[in-house]
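Colleague: Mind looking over this structure? Questions follow.
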Amino acid sequence: MNTLTNIENTIQEKGAAYFILIDPDNLPTNQTEKFVKHCVKSGVDGFLVGGSLLINGDLDKSIETIKKYCNLPVIIFPGSVSQLSDKADAVLFLSLISGRNAEHLIGKHVLAAPLIKRFNLEAIPTGYMLIESGKTTTAEYVSESKPIPRDKPGIATATALAGEYLGMKLIYLEGGSGAENPVPDEMIEMVSSQISIPVIVGGGIRTPEEAGAKVKAGAKIIVTGNYFENENNWKLISAFAAAIHSNQVIEI
């Protein structure tokens, strides 16, 4: 079974999937084992690995450590062409369709494609859309692209629909790491009602209630990241998973 099929099956079974984003720069490898074990116990469905910048972190080692302690999908969330590894199960082949910077629409992809082929990585075509979140995020700055205004759900919907027609398998609505505000529910609802592929939502989601609201609005995959870089917040991961898994019956 390939990784995308695994994700689709999880969505079918649980109503939505919950992924944790691990940035190797921000989670030391000596803490990764403990974190991964806690995530598995708490009901997480998989991991994304990567970040806008990778300065001190070791992508290969992070992926190897995650896979050593779980059988969940481990997918690269690349911030650059250099963030590729044959250790992962798949890579989100991101095209920044909310922007107009050709390098992030096709340019970097031409450089990455031969490496992905050589590594035998499953590439999952993903329409990546930056959504205004209240501050300039690293992704916005590095990509040199404007986010879609958070009060313009029509623009987001038309962009997502175009992404689907271009052959994307997933649409990722991204508030950005450390976003002040998450993607609005109204935007998620409009986008998800007009496309037939799963919507991923990430950035600025800090409570289980917010995560559950995104699922009710139509999100099929929820991603949380830097909020759980603080170990004091780990105790909430199970509550996030429960809120996201809208179809799962919890036995008492």
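Colleague: Inside the stretch 193-230, can you point out the residues that are within 19 Å of THR32 (Cβ to Cβ) and in contact (Cβ under 8 Å) with a residue 12 or more places away in the chain? Reasoning before the result, please.
Modeller: Residues of the stretch 193-230 that are within 19 Å of THR32 (Cβ to Cβ), as a first pass: 223-230.
Passing the criteria: VAL223, THR224, GLY225, ASN226, TYR227, PHE228, GLU229.
Colleague: Being in contact (Cβ under 8 Å) with a residue 24 or more places away in the chain and closer than 30 Å to ILE155 by Cβ, is that true of even one residue in the stretch 25-35?
Modeller: no
Colleague: Would it be correct to say that GLY202 is surrounded by 15 or more Cβ atoms within 10 Å (Cβ to Cβ) and under 28 Å from VAL81 (Cβ atoms)? First the steps, then the outcome.
Modeller: Working: surrounded by 15 or more Cβ atoms within 10 Å (Cβ to Cβ): yes; under 28 Å from VAL81 (Cβ atoms): yes.
So GLY202 passes the test.
Colleague: Considering only the stretch 8-32, state which residues are at pLDDT 95 or above and surrounded by 14 or more Cβ atoms within 10 Å (Cβ to Cβ).
Modeller: As a first pass, look at the stretch 8-32 and keep what is at pLDDT 95 or above: 8-22.
Those that are at pLDDT 95 or above and surrounded by 14 or more Cβ atoms within 10 Å (Cβ to Cβ): GLU8, THR10, ILE11, LYS14, GLY15, ALA16, ALA17, TYR18, PHE19, ILE20, LEU21, ILE22.
Colleague: List pairs: first residue in the stretch 97-111 and buried (at least 16 other Cβ atoms within 10 Å of the Cβ) and assigned to a helix (DSSP H, G or I), second residue at pLDDT below 95 and of a type outside the set (Ser, Thr, Tyr) anywhere in the structure, Cβ distance under 7 angstrom, at least six positions apart or on different chains.
Modeller: Between residues of the stretch 97-111 that are buried (at least 16 other Cβ atoms within 10 Å of the Cβ) and assigned to a helix (DSSP H, G or I) and residues that are at pLDDT below 95 and of a type outside the set (Ser, Thr, Tyr), the close pairs are LYS108/VAL81.
Colleague: Could you list all residues from the stretch 114-151 that are touching a helix residue (DSSP H, G or I) at 6+ places or on another chain (Cβ under 8 Å) and basic (Lys, Arg)?
Modeller: Correct list: LYS146, ARG150.
Colleague: Tell me, please, whether a residue that is closer than 28 Å to PHE35 by Cβ and at pLDDT 95 or above can be found in the stretch 130-138. Break it down into steps so the answer makes sense when it comes.
Modeller: So the first thing to find is which residues in the stretch 130-138 are closer than 28 Å to PHE35 by Cβ, and the list is 130-131, 133-135, 137-138.
Going one step further and asking which of them are at pLDDT 95 or above, we end up with 130-131.
Yes; the residues of the stretch 130-138 include at least one that is closer than 28 Å to PHE35 by Cβ and at pLDDT 95 or above.
Colleague: Same structure again: Out of the residues in the stretch 58-78 meeting the condition of being surrounded by fewer than 21 Cβ atoms within 10 Å (Cβ to Cβ) and touching a helix residue (DSSP H, G or I) at 6+ places or on another chain (Cβ under 8 Å), tell me which one is nearest to LEU111 (Cα to Cα). Show your work before the answer.
Modeller: Let us first name the residues in the stretch 58-78 that are surrounded by fewer than 21 Cβ atoms within 10 Å (Cβ to Cβ), namely 58, 60-61, 64, 67-72.
Filter once more, keeping what is touching a helix residue (DSSP H, G or I) at 6+ places or on another chain (Cβ under 8 Å): 58, 61, 68-70, 72.
Numbers: ASP58: 21, LYS61: 23, LYS68: 30, TYR69: 32, CYS70: 31, LEU72: 28 Å.
Among residues in the stretch 58-78 that are surrounded by fewer than 21 Cβ atoms within 10 Å (Cβ to Cβ) and touching a helix residue (DSSP H, G or I) at 6+ places or on another chain (Cβ under 8 Å), the one nearest to LEU111 (Cα to Cα) is ASP58.
Colleague: I'm trying to understand the selection: among the residues of the stretch 133-163, which are within 23 Å of ARG206 (Cβ to Cβ), among the charged types (D, E, K, R) and without any contact (Cβ under 8 Å) to a residue 40 or more places away in the chain?
Modeller: Of everything in the stretch 133-163, those that are within 23 Å of ARG206 (Cβ to Cβ), among the charged types (D, E, K, R) and without any contact (Cβ under 8 Å) to a residue 40 or more places away in the chain turn out to be GLU140, ARG150, ASP151.
Colleague: Residue check: is VAL215 touching a strand residue (DSSP E or B) at 6+ places or on another chain (Cβ under 8 Å), in a strand (DSSP E or B) and farther than 16 Å from SER98 by Cβ? Give the steps one after another, and end with the answer.
Modeller: Details: touching a strand residue (DSSP E or B) at 6+ places or on another chain (Cβ under 8 Å): yes; in a strand (DSSP E or B): no; farther than 16 Å from SER98 by Cβ: yes.
No, not satisfied.
Colleague: Of all residues in the stretch 202-213, which are closer than 16 Å to ILE20 by Cβ and over 14 Å from the mean Cα position of the chain (by Cα)?
Modeller: Residues of the stretch 202-213 that are closer than 16 Å to ILE20 by Cβ, as a first pass: 202-208, 210-211.
Residues satisfying the conditions are ARG206, THR207, PRO208, GLU210.
Colleague: Still on this structure, I have one more. Can you find a residue in the stretch 47-56 that is aromatic (Phe, Trp, Tyr), within 24 Å of ALA213 (Cβ to Cβ) and modelled with pLDDT of 95 or more? Explain how you work it out, then say what you get.
Modeller: To start, the set of residues in the stretch 47-56 that are aromatic (Phe, Trp, Tyr) comprises 47.
After this cut, where a residue has to be within 24 Å of ALA213 (Cβ to Cβ) as well, the list is 47.
Within this subset, residues satisfying the condition of being modelled with pLDDT of 95 or more are 47.
Looking through the stretch 47-56, at least one residue is aromatic (Phe, Trp, Tyr), within 24 Å of ALA213 (Cβ to Cβ) and modelled with pLDDT of 95 or more.
The values are calculated or read from the model by the stated rules, or taken from the named source; none is laboratory data. Bear in mind that the values here come from a model prediction, so they are computed numbers and not experimental data. Neighbour counts run over all protein chains shown; Cβ positions are idealised from the backbone, glycine included.
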